[in-house]
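Data first, discussion second: the structure below is written as structure tokens.
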Amino acid sequence: MDPLDLPLSASLLRTEFQPILDLRQGRVYGYEALTRGPAGSPFEAPTALFELARSRGRRAELELLAVQCAVERFAALGVPGTLFVNFSPAVLAERREDPQRLLELARRHGLPAKRIVIELSENGAITDASPAWRELLACRAVGFGIAIDDLGEGFASLRLWSELRPEYVKMDKHFVKDVHRDAIKLQMAKAIQQIAHVAGAKVVAEGIEGELDFQTVRDLGILYGQGNLIGAPRAAAASDAAEVWSRLAKGPLSAFPMPGASVNRVTARRLMREVAPVRPSTENDQVYARFDEDPELQAIPVVEDGLPKGMINRTTLVDRFSRPYRRELYGKRSCERFMDRQPLVVDIDTSIQDLSYLVTDGQKRALTDGFIVVENGRYLGVGGARELMREITEMQIAAARYANPLTLLPGNVPIAEHVARLLSQGCAFASCYCDLDGFKPFNDVFGYQRGDEAIQLTARLLAAAAHPELDFVGHVGGDDFVLILQSVDWEARCREILARFERGAAVLFEAEDLARGGYLAEDRLGQSKMFPLLTLSIGAVYVQPGGFSSHSEVAAAATHAKQLAKRQAGNSLFVERRQYPVASLRPSSS
């Protein structure tokens, strides 16, 4: 039966809620309400249901009923967080009384307007001269948030973003899928995040399905994530998203790693300095004296039995004492009265990147007071936002200076630093030199653009095969790459790279080239010659602790292994086994 043959009622619709996860703190920030038609019917899928409503001229009626159901059912569940509901511009333009009706609906169910976000679809239909524009401004005026959906699908959504200035932008799932290994998508996602930062908007990455995509999105600084990996839509608005976060948050931050991140992850420990705390019972006069003695001291932690209780800011205390009779009244009283009872407290192993998000996205006081550093919950010291920003700036400058612009992978300097760190820490690893065979004639015949495609393909395959927490991928330059692998199954990973390259490189050639196993071109003497298809050679050396004294020795050994690999026909791997015997972790000879 056609569901629209009957009067529309809430009983015809089901509402499911998909969680939106705060990628910084691991908590569910909110839910998107998703409408479904009658279960088991051809109109169960929302696209079919709303298309049917549109064809019958009842799209606005159905959409308003869906929002009403979402609000009522969300309120009935009693879960915390923000509710995202979908509206199309056509409905906003047609039913101008709806912002006030939606506000009354929310209030009736105990939901303040600030907990509801109107998520716009079909963004191209909105301009600043359209009726929908006025209704959006009316929605914002009464307290609702605004989100642009599917950002990146077209120019219209970017124009709307610049003019409407929404509180949220939802990045289309196209740019999220495989972002961990697609350099173009990575740059686009990074650009969206940078624009959002300037515009004061919060980005929600939609369609997160894979762990590496999750980690890359998080690495880019995107605040919120949504997708089946985080939690599938459910009627109960419940998910294990926080558990997913706790499992993945300790993982790598990107398949395009910062140099040495796996072995030298910079944490709050580097920024921490020891500051003698005061007890909650300490008098304000004593705290004031501490500030008076040390002009550089901006905040003093308040600690009791080793546990942080608060933070006292210099400016706050001095300002209070500067008022008439305040010092006489409060000087002998406990400093608890003037302390911040909710300071930013971080574990000593919190990464610099996570710490930067906590400082900038948290309370404004963290930018002036800094943060308290603990280990197992017990006070160790404090850190400052100024030192944090300096550290981040230095890391960004170093990464930009030495990253290869074509693949975004670390170049020679970070490769050498990474190997040197591994050697100094006595780590065992495989150093693998990867080189394309026949790249020069390929580049000459097919042009530099196709040559760049071949290099980017190689970079993606290497990054995808590397264990993101243990392994390191570097780009020496041109068609030369280096893998520094600590994975126990490193040799299997190398062979998988070769197999994938053989399949993937087919897109670089025409059908006739593939059929005959090569391409015709002129050699240096002007004679027509058959050149073989591109192949990949990998030379590997397994480095035992104490086996090498410098990164240059490792590089020389890997280069020699690569030369031996290139003597073999086709995609090949050569593992140097004679000079560098290894322990039981080394794969058996093949």
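Each reported figure results from applying straightforward, stated rules to the coordinates on display, with no laboratory input. Just so we're clear, the structure is a prediction, and the values are computed from it rather than from any experiment. Virtual Cβ from ideal backbone geometry, glycine too; neighbours counted across all protein chains shown.
Observations, loosely collected:
- Cβ-derived FRET efficiency at R0 41 Å, residue 211 paired with residue 286, nearest 0.05: 0.20
- For residue 171, the residues whose modelled amide H falls within less than 5 Å of its own, excluding neighbours fewer than 5 places apart on the same chain, are 151, 204, 205, 206.
- Residues 31, 519, 542 arranged by fewest to most Cβ contacts within 10 Å: 519, 542, 31
- Straightening the chain between residue 563 and residue 56 buys 175.5 nm, computed as 0.36 nm per residue apart minus the Cα-Cα spacing.
- Share antiparallel - DSSP beta bridges, the chain, percent rounded to 5: 65
- Charge dipole (Cα centre; +1 on Lys/Arg Cβ, -1 on Asp/Glu Cβ; no other charges) of the chain amounts to roughly 1080 debye.
- Dipole check for region 148-231: with +1 at the C-beta of Lys and Arg, -1 at the C-beta of Asp and Glu, and the Cα centre as origin, the magnitude is about 240 Debye.
- Magnitude of the charge dipole, region 415-462, Cβ model with Lys/Arg +1 and Asp/Glu -1, debye to 20: 140
- Where labels lie 7 Å past Cα in the beta-carbon direction, separation of residue 368 and residue 296 in nm: 2.1
- Exposure proxy order (Cβ contacts within 10 Å, fewest to most) of 567, 218: 567, 218
- Kirkwood-based Rg to Rh ratio, region 474-524, C-alpha trace: 1.11
- Of the residues 40, 81, 487, the one whose Cα sits farthest towards the positive end of the charge dipole of the chain is 81 (charges of +1 on Lys and Arg Cβ, -1 on Asp and Glu Cβ, taken about the Cα centre).
- Averaging the sequence gap over all C-alpha pairs within less than 8 Å and six or more residues apart, then dividing by the number of residues, gives the chain a relative contact order of 10 percent.
- Values of log10 I(q)/I(0), in the order q = 0.08, 0.13 Å⁻¹, for the chain under a Debye, Cα-only, solvent-free model: -0.75, -1.27
- Partners for residue 309 among aspartates and glutamates (Cα-Cα distance below 13 Å; same-chain residues under 8 apart left out): 336, 340
- The overall shape of region 404-576 is prolate: from the C-alpha gyration tensor, with semi-axes ordered a ≥ b ≥ c, the ratio a/c is 1.5 or greater and a/b exceeds b/c.
- Sorted by Cβ density within 10 Å, fewest first, the residues 554, 413: 413, 554
- ³J(HN,Hα) computed for each position of region 53-66 - Karplus, 6.51 cos²θ - 1.76 cosθ + 1.60, integer Hz, glycine/proline x: 5, 5, 5, 8, x, 10, 4, 5, 4, 5, 5, 5, 5, 4
- A dipole drawn for the chain from +1 and -1 charges on Cβ atoms has a positive end, and of 325, 451, 389 the residue lying farthest that way is 325.
- Reduced Cα scattering model of region 268-390, Debye log10 I(q)/I(0), q = 0.23 Å⁻¹: -1.34
- Take every pair of alpha-carbon atoms less than 8 Å apart whose residues are at least six positions apart; their mean separation over the length of region 417-526 yields a relative contact order of 29 percent.
- The sum of -39500 (n - 2.57) across all DSSP H runs of n ≥ 4, divided by the residue count of the chain, sets its helix-only mean residue ellipticity at 222 nm to -12000 deg cm²/dmol.
- A full extension of the chain between residue 503 and residue 467 corresponds to an added length of 10.9 nm, given 0.36 nm per residue minus the alpha carbon distance.
- In straight-distance terms, cross-link reach from residue 185 covers every one of the lysines whose alpha-carbon lies under 21 Å from its own, apart from those fewer than eight places away in the same chain; here that gives 170, 173, 177, 202.
- For residue 562, a cut-off of 24 angstrom between C-alpha atoms picks up these lysines, skipping any fewer than 8 places away in its own chain: 440.
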